[in-house]
Amino acid sequence: MSKSKKKVTRNSPTADKSPKKDNYYSLKEKDHQAIMQLISEREDELADLYMRKALLESSFVELLDAYCQFIMPKVPISKTAKTNLLAYFSYELLKPLKTIGLTQTDRENVWKSKHFDVAYELDKNNDLELSFKMETVDTRFEAAYMPLILIHPKDMTVEVDEKQVLKLIHLWHKDKIFSHNQLSLINYDLNQLLAWFKELGFDVAPSLLDNTRALKREFTSDLVVDTKVLDDIFIISMESTEYDFDKFDDYHYQVKLNQSQTVDIFSEKGKTRLFIDSNNRRRSILDFFTNYPFLVPLIVRS
């Protein structure tokens, strides 16, 4: 009778699989993901450094291209790169102010000069708005920034806010927070900027601030033609050998100034309409009214 033999089998490595994933491979996978994340971050940092280096070395035209490439379409770039781009770009725009000590301040979007501070910021369309703030005559008070100039880099155009220009006259003549000399200085400095914008290739729209064009404009004021104002203008006109005053009817008066300049005054339904003609003499509205302050009450009343 033969004896039965038992079959002996060996345990293979794959036969003893654990239901749980091998911890060694899990740790390797985590390390791999962490390294790839670090590589990605370092690549972004390196790309940002290269971009900032390129901006440092850029001309105005290259900064303009970068503005249109990254700022206008809101392409994501680092905060530092964006801050630097706007600072370099705004400096190139404000270069003429170097003659009056253009310097940076502690605020990242403000430049300082001898005559005023300039703040730059993006508007809702990502165009660049330049706002100006002058010191007040009475240092107990502080003036607000006035958004006077809007730069459209994509269209290469520049606009001046004429309401803000007229507000300067109001703050000088009525509120008396600015001096006559300050208005003369800012008029000169801002016109230096407008001329520079043209050199850079911008199309600067005609405005009341521009002293390269003849002043020939009509204005409408909500102020009525006041008898006292007319009397004061009449008296000053009659006392001067260079001025004259004519009354055509109860609704139309004309002030004749030196160099054949004229101001026609029309009284219309509780409003005042003015027509200023500088007789082809190039001057801004600031230059005009600071030279003939007795006419300011026609548009600003104390």
Treating every alpha carbon of the chain as one equal point scatterer without solvent, the Debye formula yields log10 I(q)/I(0) values at q = 0.06 Å⁻¹ of -0.36
For a protection proxy built on the mean count of beta-carbon atoms within 10 angstrom, sort 50-61, 156-167 highest first, please. 156-167, 50-61
Please compare each pair in Lys163/Lys269; Lys176/Lys198; Lys53/Lys124 to a cut-off of 26 Å on the Cα-Cα distance and tell me which ones are over it. Lys176/Lys198; Lys53/Lys124
Could you compute Rg(Cα) / (2.2 N^0.38 Å) for segment 180-302, with N its residue count? 1.15
Ranking Val229, Thr262, Leu274 by how far each Cα lies towards the positive end of the charge dipole of segment 227-302 (+1 on Lys and Arg Cβ, -1 on Asp and Glu Cβ), the top one is Leu274
Would you mind working out the magnitude of the charge dipole of the chain relative to its Cα centre, with +1 at each Lys and Arg C-beta and -1 at each Asp and Glu C-beta, to the nearest 20 Debye? 2920
In Å, what Kirkwood hydrodynamic radius results for segment 127-195 from the alpha-carbon pair distances? 12.9
Give me the dipole magnitude in Debye, nearest 20, for segment 114-202 about the Cα centre, with unit charges on the beta carbon: positive for Lys and Arg, negative for Asp and Glu. 260
Over the chain, average the accessible area per residue using a 1.4 Å probe and give it in Å², no decimals. 63
Whenever you get a sec, compute what percent of the accessible area on the chain sits on carbon and sulfur atoms (1.4 Å probe). 51
For segment 43-138, take every pair of Cα atoms, bin their distances at 10 Å starting from 0, and report each bin as a whole percent. 15, 45, 30, 9, 2, 0
Under unit Cβ charges (Lys, Arg +1; Asp, Glu -1), what dipole magnitude, rounded to 20 debye, does segment 20-70 have relative to its Cα centre? 400
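The values are calculated or read from the model by the stated rules, or taken from the named source; none is laboratory data. All of these numbers come straight from a predicted model, not from anything done at the bench. Cβ sites come from the backbone with ideal geometry, for glycine too, and all protein chains shown count toward neighbours. When the accessible area is computed, the model is the full protein with side chains, heavy atoms only, and any ligands, DNA or RNA have been set aside. Shrake-Rupley method; radii C 1.70, N 1.55, O 1.52, S 1.80 Å.
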